[in-house]
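The values are calculated or read from the model by the stated rules, or taken from the named source; none is laboratory data. Keep in mind that what you see is a predicted model, and the values were worked out from it rather than measured. Backbone-built Cβ (ideal geometry, glycine too); neighbour counts: all protein chains shown. Keep in mind that these areas ignore ligands, DNA and RNA; they rest on the heavy atoms of the full protein, side chains included. Shrake-Rupley method; radii C 1.70, N 1.55, O 1.52, S 1.80 Å.
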Amino acid sequence: MRMRHALAAVAAAVSVAAVTARPAQAAEYTSALKVKGVQYDAPGTDSNRCSGGNTKNEYLTIKNYSRTAKVNLKGYVVKDAAGNKYTFTANHTLEPGDYVKLRGGKGTNSDAGNVVYRQNCNFIWNNDKDTIYLLKPGGAKADVHSYTKRANDADGNGYINYHG
């Protein structure tokens, strides 16, 4: 009889723990913004010349995964493991489910075109591996992703889709 009560108590405790447990990632990231993917190896031969170079083909896609909240990117920071960084200095609002491509090179930012340029012709992402940090305006982590180029990346584009 005691064994049955003890087993019932253990089963109840496990059920409560299963209901209240949260995945480690959910506790770690408290932002609707997530890295959706990265084009870390721009097609072609790398050239960081502002005129005729291919840094504009290196980009990071950030998505607002919220179903209801708009998120203004102003003050958010994107950086790599070496500390290279880009700060969103202007208002750029992502509607629920919307995304933005943060491109290298120089160009005209466009809310309608979902694009922001770093206004810098240097590459930021390593072609072999790197870690991407998306930080909130106060410095807290919104999302972090590491990547390593795979041998089966035959086209050399290196695009990875992290989230749905």
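Among the residues here, GLY83 does not qualify as in a loop (DSSP other than H, G, I, E, B), under 21 Å from PRO43 (Cβ atoms) and of a type outside the set (S, T, N, Q). Scanning segment 52-100 for residues that are open to solvent by 60 Å² or more (accessible area, probe 1.4 Å) and within 14 Å of the chain's Cα centre (by Cα) yields a total of 5. Within segment 48-67, the residues that satisfy the criterion of being within 18 Å of LYS36 (Cα to Cα), part of a loop (DSSP other than H, G, I, E, B) and not acidic (Asp, Glu) are TYR65, SER66, ARG67.
For ASP80, the requirement of being among the charged types (D, E, K, R) and at pLDDT below 90 is not met. When segment 93-133 is filtered for residues that are part of a strand (DSSP E or B) and within 13 Å of THR61 (Cα to Cα), the ones remaining, listed by number, are LEU94, TYR99, VAL100, LYS101, LEU102, ARG103, VAL115, VAL116, TYR117, ILE132, TYR133.
For (1) closer than 26 Å to ASP41 by Cβ; (2) in contact with a Pro (Cβ under 8 Å, 6 or more places away or on another chain), each residue gets a yes or a no:
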| site | (1), (2) |
| --- | --- |
| ASN57 | yes, yes |
| ALA69 | no, yes |
| GLY75 | no, yes |
| LYS79 | yes, no |
| ASN91 | no, no |
| LEU94 | yes, no |
| GLY97 | no, no |
| SER110 | yes, no |
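Scanning segment 127-152 for residues that are within 27 Å of CYS50 (Cβ to Cβ), of a type outside the set (Lys, Arg) and at pLDDT below 90 turns up ASN127, ASP128, TYR147.
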